[in-house]
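This report concerns only the one structure given below.
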Amino acid sequence: MTDRVLILDFGSQVTQLIARRVREAGVYCEIHPFNIDRARIEAFGPRAIILSGGPSSVIEAEAPLPDPVVYEMGLPVLGICYGEQAMCAQLGGGVEGSDHREFGRAEIDITDDCPLFEGVWARGGKATVWMSHGDRVTGLPEGFRTVAVSDGAPFAAIANENRNLYGVQFHLEVVHTPDGAAILRNFVHNIAGCTGDWTMAAFRDQEIAKIRAQVGDGKVICGLSGGVDSAVAAVLIHEAIGDQLTCIFVDHGLMRLHEAEEVVELFRNHYNIPLVHRDAAEMFIGQLEGVDDPETKRKIIGSAFIDVFDEEAKKLGGADFLAQGTLYPDVIESVSFTGGPSVTIKSHHNVGGLPEHMDLQLVEPLRELFKDEVRVLGRELGLPDAFIARHPFPGPGLAIRCPGGISREKLEILRKADAVYLDEIRRSGLYDEIWQAFAVLLPVRTVGVMGDGRTYDFVCALRAVTSTDGMTADWYHFPHDFLGRAATRIINEVPGINRVVYDVTSKPPGTIEWE
């Protein structure tokens with residue numbers, strides 16, 4: 001059986017990153033609520049437990065704390081930030097509020113050797129880490145020793161090797177702690193003894209067997225969106241059950257240039273997967289015309305999608321299962337573990353359950369995977385790399401990249417501008433360096449001069465961000481000559497635009513929502 005690590009969530013906005021780093025080390029892990037009991041922990045069968053950070057204070061009366069049995073099961077335990085404070089508070093140490101808070105990059109001094117630091121940090125050295133805490137540990141439980149300190153955290157890292165209990169006040173999981181991933185690898189491999197044998201090939205085989213066992217001889221319908229997630233789910237399910245699967249592609253007219261044709265070509269002609277293609281663009285755009293509010297747009301699109309999908313499903317004579325490309329972040333973000341700020345309900349995913357009138361069981365083969373893992377699985381399944389490496393695209397499509405009222409004219413302008421922008425990025429060999437790039441048609445017009453005449457046309461904003469985790473991001477630093485070429489092409493090739501601007505918005509650590 002593959003080794004497993006259990007992560008107990010106390011509401012940190014970056015708890016998912018812990019899971020990503022552990023999986024990057026080849027070890028399977030899952031995130032569960034902080035308050036699960038011994039029976040559920042034993043049923044999961046972890047080789048180790050990690051306590052996440054969180055926004056609460058352990059000195060408050062109703063502070064979230066794990067079942068004390070966590071420390072009594074003989075399993076290695078690592079507490080991160082709030083997790084360290086919870087460990088100390090429960091085992092007899094001291095935690096107090098502090099006037100010296102630490103938020104952001106900090107330097108720690110390594111005061112002693114420790115298995116957690118082996119091969120990464122040595123006694124007497126210094127290291128850069130990412131801090132985010134107000135309270136701090138003021139006294140250690142019996143059997144613990146200090147192995148790192150900082151100006152604001154006299155117990156920045158602690159260890160009790162006899163019980164395999166460790167704690168760090170800083171966040172190992174974020175990229176702003178450069179050696180954090182190596183420290184986590186030490187914990188899961190060297191301390192917990194995990195073999196690191198969790199691979200995507202093994203996941204593929206296991207999931208195919210699970211799909212066959214769940215579906216039996218039943219019929220499955222899958223809603224294709226044109227994105228990577230639903231595509232990978234469909235190909236995996238088709239590999240498991242063949243023509244028991246039928247895909248329904250609801251074309252809402254809000255996709256990128258030629259994208260609908262590419263979806264039909266890939267699934268109907270390349271993979272020979274039974275596919276229903278419903279062109280419902282006129283209906284969707286008709287309902288969206290004149291709507292300004294982005295959340296109202298999302299609701300309109302979601303409601304219309306369900307209606308059209310349900311209509312097409314009934315034409316097929318019924319089905320037993322509905323397949324969805326639900327990912328692990330969707331599952332986590334749609335479940336309130338602590339009621340903290342990490343709780344987010346994804347309005348474009350049906351994670352919480354199907355509408356009551358759709359009496360179907362869910363098949364969600366990707367619900368244990370992160371986005372980058374889905375891409376790896378897609379390559380394992382033989383999906384074209386050009387499709388797998390495609391930048392993320394929101395469910396509501398161009399509707400929310402066209403702020404303000406929507407019209408067919410504005411959508412066509414935006415679609416063309418976006419295509420030119422992405423083409424220039426590909427020509428420059430920059431596409432794979434960027435996590436997400438897209439054009440936005442701003443709801444303003446400006447006066448300009450083109451040739452000998454004045455124009456009164458739209459402003460196009462270009463956005464591109466880099467990310468290593470899909471949760472934090474920084475704007476991509478294009479060379480000036482690239483921006484000049486892209487802007488010139490858009491203005492020359494896309495009637496209706498006379499000005500182009502570049503958006504330099506960043507997403508700081510802790511941000512979860514993506515456009």
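The values are calculated or read from the model by the stated rules, or taken from the named source; none is laboratory data. Fair warning: this is a prediction, and the values are worked out from it, not measured in the lab. In this analysis, Cβ positions are derived from the backbone assuming ideal geometry, glycine residues included, and neighbour counts consider all displayed protein chains. When the accessible area is computed, the model is the full protein with side chains, heavy atoms only, and any ligands, DNA or RNA have been set aside. Shrake-Rupley method; radii C 1.70, N 1.55, O 1.52, S 1.80 Å.
So here's what we get for this one:
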| item | result |
| --- | --- |
| Residue pairs, from the table LYS297/LYS410; LYS210/LYS314; LYS371/LYS410, whose Cα atoms sit over 19 Å apart | LYS210/LYS314; LYS371/LYS410 |
| Amide H contacts of VAL95 (H built 1.01 Å from N, under 5 Å, at least 5 apart or other chain) | THR138 |
| FRET efficiency, 1/(1 + (r/R0)^6) with R0 60 Å, evaluated for GLU409 and MET73 via beta carbons | 0.40 |
| Efficiency of FRET from Cβ geometry, ARG38 and GLU311, R₀ 35 Å, rounded to 0.05 | 0.10 |
| Sum of -39500 (n - 2.57) over DSSP H runs of 4+, divided by residues of the chain (222 nm, nearest 500) | -9000 deg cm²/dmol |
| Gain on full stretching of the segment that runs from ASP279 to ASN162 - 0.36 nm per residue minus C-alpha separation | 35.7 nm |
| Cα gyration tensor shape for segment 399-489, rounded if a/c is under 1.5, else prolate or oblate | oblate |
| Evaluated over segment 39-190, the Cα radius of gyration and Dmax, each in Å | 14.4, 43 |
| Amide H within-cut-off set for ILE406, under 5 Å, with H built and near neighbours excluded | GLY290, VAL291 |
| More than 17 Å apart - percent of Cα-Cα pairs taken over segment 173-282 | 65 percent |
| Three-way shape label, segment 364-431, alpha-carbon gyration tensor, a/c 1.5 | oblate |
| FRET efficiency for ASP385 and GLU493, using Cβ-Cβ distance with R0 set to 30 Å, rounded to 0.05 | 0.65 |
| Fraction of the pair-distance distribution of segment 216-258 above 14 Å, Cα-Cα pairs, percent | 49 percent |
| Under-5 Å amide H pairs with VAL276, H placed in peptide plane, nonlocal only | CYS247, ILE248, PHE249 |
| Global geometry of segment 242-339, whether rounded, prolate or oblate, following the gyration tensor of its Cα atoms and the 1.5 cut on a/c | oblate |
| List GLU96, GLU62, GLU424, ordered by accessible area with a 1.4 Å probe, largest first | GLU62, GLU96, GLU424 |
| Centroid-to-centroid separation of segment 215-283 and segment 377-440 [C-alpha atoms, Å] | 19 Å |
| Binned Cα-Cα distances of the chain, short to long, each 20 Å bin given as a whole percent | 21, 48, 29, 3, 0 |
